[in-house]
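What follows is calculated from the coordinates using simple rules that are stated; it is not laboratory data. Every value quoted in this text rests on a predicted model; they were computed, and no experiment measured them. Don't worry about glycine lacking a Cβ; one is built from the backbone with ideal geometry, like all the others, and counts go over all protein chains shown.
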Amino acid sequence: MTALNTFLSQALQERAANNLLRVRQQVDSPCGVTLQWQGKSLLNFCSNDYLGHANHPLVKKAFVDASETWGVGSGASHLISGHSREHQALEDELAAMLGVEAALVFSTGFMANTGIISALMSAPDAVFEDRLNHASLLDGGLQSGARFSRYAHNDIDALSSKLARVEARHKLIVSDAVFSMDGDIAPLPELLACAEQHDAWLMIDDAHGFGVLGEKGLGAPEHFAIAHKRMPIYMATLGKAIGTFGAFVAGSRELIDYLVQFARPYVYTTAMPAAIAAATRASLSLLQTESWRREKLHELIAHFRRCGEQAGLSLMPSITPIQPLLVGDSEKALRLSAALREKGFWISAIRPPTVPENSARLRITLSAEHRVEQIDALVDALHELLSSET
Ligand code: PMP
């Protein structure tokens, strides 16, 4: 074995010994409420396709039609020759629906987050992040070279005292709007007030709120009745409730013009396929024409919580489609996930370092495509498994 391979296999063995090895399971069907896996049909309770748009006939048709027109690959980055009329139309529609000056589409959310933060911040600056922010936000803060610190989860007093203590040219507060592994919502009004009070900029990642929260599905700002144009930097992804791929940032004309120049993951990557942009436009229009999906999703969330609480499940405080069940021990989380699979449910165990030590969990997510009976069956299965564990 080469020294490289010895190093790699030791790292892998250590992960496995701590029950932290991640395994990719191969599925034989598109992402949907039922998944085919090893010849079995499983009920999927862990996808982020919250509205069921990923396999919606109109979204698929837009994708197929646009791929006939535009081909598959975009062929180049946006600044070379990859920026098509479809991309521009998507950005214009996003800006119009959110009531902001401009929007910019990125190839992935991870790239948007690292790109935005490291374009805006550098050594003389300071970045303040919620402790439970998504990895891409944390990486962006670290890569920027700015002074980097994390504050206690959703604790505005802790954030405020950090902001007061630190001297910096510019200060940026960064928070998930809906926390991806917990499902709770950041207090946007308090974050905005805190940013204003300390003369700091605010960036919100609404990956899990956009499409789901608010009457029109416009995300966490709409949930709090805050106009998007009051949010200095609003970012959301397109691969979750929107059911396609990629991400965007929305804000002032100056913000977007600046990012086009300085966000390296924007400048130096191939543009997303134009057909994805077209499919995304079709999906965005469904937010309006099929608002019943959002209504049904929220009814299902309420139903799950009602039944879960009656069954004594230790649910976390969340009104979003992310309804994690805290387990604690990684090995127990893996065991429960495997037992659920035996019973016909697909829910993966989320373990450190994705979540803090000793807080492994089953990250249950709900979709507008689920049926009440399926949710009842899940609650029964969880109740039965957890009762036999104790
Ligand atoms: N932000 C949050 C909060 C996320 O949950 C994710 C996806 N897991 C991302 C950003 C990254 O988005 P993408 O999958 O488009 O890279």
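One chain, two ends: TYR258 and ARG85. Fully extended at 0.36 nm per residue, the span grows by 60.2 nm beyond their Cα-Cα distance. In straight-distance terms, cross-link reach from LYS296 covers every one of the lysines whose alpha-carbon lies under 25 Å from its own, apart from those fewer than eight places away in the same chain; here that gives LYS60, LYS61, LYS216, LYS240.
For the peptides 350-359, 1-10, 364-373, 125-134, residues were scored by their other Cβ atoms within 10 Å and the scores averaged per peptide; the highest-first order is 125-134, 364-373, 350-359, 1-10. Only one residue of VAL59, HIS83, LEU42 has its Cα farthest out toward the positive end of the dipole of region 35-114, where Lys and Arg carry +1 and Asp and Glu -1 on Cβ, and that residue is LEU42.
Compare the peptides 17-26, 304-313, 32-41, 280-289 by average per-residue count of other Cβ atoms within 10 angstrom and give them in order, highest first. Intermediate values should be presented prior to the final figure.
Working: 17-26: 10.5, 304-313: 15.8, 32-41: 13.7, 280-289: 19.1.
Taking the mean over residues of other Cβ atoms within 10 Å, the ranking is 280-289, 304-313, 32-41, 17-26.
One decimal place: the segment SER41-ARG335 gains 103.9 nm when fully extended, by the rule 0.36 nm per residue minus the C-alpha distance.
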